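Okay, structure first, notes after.
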Amino acid sequence: MCNAGLSIQLHGRGEKIRIGSGSGAHIYIPGLPPHIADMDLHPGKTLLIPNSQAFGIIEHKGDRLTSAKPIELKHNDMIAFHVDQGGYNGKKLFRFVYYNRFLDPQA
């Protein structure tokens, strides 16, 4: 089993990024509901706004969400999205670590 990592840099401030498996998702994760959450990017602050119908399959810092209350993401916060039964290609969740500054391990 390969545990590969990938870094992406989110661009723009004051922008909303949609997460899910629907055709309008900016971050597409197969096996999730069409719209699971949004990320609102603001200068100095990023909010994860869970969809009120799907918040129970999101983890923040290892704890499953119990409400759709927006979460202010801090540097090094871990977010996990649990896919439907059976997973996707053997995967049962997708994990992301949020960094508020871009780190290049090759630099």
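A short reminder: the numbers here are calculations on the coordinates, not readings from a lab. Since the model is a prediction, treat every value here as computed from it, not as a measurement. Cβ sites come from the backbone with ideal geometry, for glycine too, and all protein chains shown count toward neighbours.
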Residues whose placed amide H lies under 5 Å from that of residue 83, excluding near-sequence neighbours: 93, 94
Computed FRET efficiency, Cβ-Cβ of residue 53 and residue 76, R0 30 Å: what is it to the nearest 0.05? 0.60
Along the range 47-58, what does the Karplus equation 6.51 cos²θ - 1.76 cosθ + 1.60 (θ = phi - 60°) give for ³J(HN,Hα), rounded to whole Hz, x for Gly and Pro? 10, 9, 10, x, 5, 5, 9, 9, 5, x, 9, 10
What distance in nm lies between label points placed 7 Å from Cα along the C-beta direction at residue 98 and residue 42? 1.2 nm
For the range 15-98, the count of lysine pairs 8 or more apart or interchain whose alpha-carbon atoms are under 21 Å apart comes to 10
